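Just so it is clear, none of the values below were taken in a lab; they were calculated from the coordinates. What you see is a predicted model, and the numbers here were worked out from it, not measured in a lab. Here the Cβ positions follow ideal geometry from the backbone for every residue, glycine too, while neighbour counts run over all protein chains shown.
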Ligand SMILES: NC(=O)c1ccc[n+]([C@@H]2O[C@H](COP(=O)([O-])OP(=O)(O)OC[C@H]3O[C@@H](n4cnc5c(N)ncnc54)[C@H](O)[C@@H]3O)[C@@H](O)[C@H]2O)c1
């Protein structure tokens, strides 16, 4: 299968390029290296050193004998996107090329506008390019479980749609979205746009509501092929950030009470799920939604898993609660379906302990790099902005719990 990866230089994009190429697929992709500059803007760097794209491609070709095609282009440039899609003639397009950070989108008006504009424009350009140059191709669009929101409904979250009875009639309607940041709302808007394009032009699409991905690799490989691994407050997701904190002896920081629950999956599971979606495409005109995660964890439980992993290698890891920079529930119930991928053969790997051990082992040689950017671990971006008397204190929420 010929797969075009928009956002191929990113955490998931570079992993997916390798994973699919190793699986015998023909891979092409594009990126403008924006993630590298966003992380620098946050005063940080990838914990694990990464090569520039030409070096990555050379290293992969030397090791595996195949070289994915690559276009350095900004996905906001509609003509460039159309030309790349027309040249590559993909069977499928995986859209990873968005800004993935909630805190980055909450910094100020400029960052909020940038994230929403970038994420909507890159999606529009891919949709139009597919309509014009690859109308039969399958779009796999990365959304997030965060589109649904967390803990506001006391019932399991379905996969995209919900059956309701309205005035005595049954209807299948999109499940109400309750996103918690401008970034997450950009994903909601993107989902509606992709769904409309399928109805409008007969495109086929899978919208992946993905949980939080963690881990440094999906198989053993040398450093030249490493994918990026971030830990700053904006681009380091929670479990990866905990692992970096443990590796340098900083406390693991829980936001507020720390009983937020989220769906998680290791990097290798994410790759497997995306391949399953790709190799089982929907019909033309169909828009479908998959919830993609392995398990739901409570963040306090995860912090204790990382602490235990640290203890196993002789690190002395502590856990601290800090005021929550976000506006979110800190103690809540959370259930979500993830049956569609399992029906296609996904078996969650369920090796949290092993994944954390491997990640810590990959990070420890780079402790000095992480320590150099230690300040970036701590949140400065607040959801409500400035001094905020309306945000309940950690103590008040602990009492509620
Ligand atoms: N990593 C996770 O835990 C996670 C969870 C849920 C959903 N997702 C989604 O998966 C996708 C990939 O996530 P990731 O963690 O690999 O993020 P990432 O930032 O590492 O990858 C995105 C890539 O897209 C590129 N990009 C963004 N805008 C671009 C533009 N205008 N032109 C060219 N390139 C552009 C960036 O440079 C980057 O390399 C995102 O859409 C994200 O929202 C990620």
inquiry  = I need 320, 305 ordered by Cβ neighbour count within 10 Å, fewest first.
reply    = 320, 305
ask   = How far apart, in nm, are two points set 7 Å out from the Cα along the Cα-to-Cβ line at residue 311 and at residue 167?
value = 6.1
ask   = Top mean-square fluctuation among 212, 173, 322, Gaussian network model of the chain, C-alpha springs under 10 Å?
value = 173
task = Normalising by the residue count of segment 2-397, find the relative contact order in percent from Cα pairs under 8 Å and 6+ residues apart.
result = 20
request  = Sticking with the crude label model, points 7 Å out along Cα→Cβ, report the distance from residue 189 to residue 332 in nm, one decimal please.
outcome  = 2.2
key: Spatial separation of Cα centroids for segment 235-257 and segment 113-147, in angstrom   = 31
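Would you list 164, 3, 238 from fewest to most Cβ contacts within 10 Å? Don't skip to the end; give the middle numbers.
Numbers: 164 11, 3 27, 238 20.
Fewest-to-most Cβ neighbours within 10 Å comes out as 164, 238, 3.
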message = I'd like the antiparallel share, as a percent to the nearest 5, of DSSP beta bridges with both residues in segment 2-397.
response = 20
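Of the beta bridges DSSP finds with both residues in segment 52-176, what % are antiparallel, to the nearest 5? Present the calculation step by step, with values, prior to reporting the outcome.
On the way: 6 of 10 bridges.
Looking only at bridges with both residues in segment 52-176, the antiparallel portion is about 60 percent.
Based only on the alpha carbon positions, what is the Kirkwood hydrodynamic radius of segment 2-397, in angstrom? Could you put the intermediate results ahead of the total?
Working: mean 1/r = 0.0466 Å⁻¹.
Hydrodynamic radius (Kirkwood, Cα pairs) of segment 2-397 is 21.5 Å.
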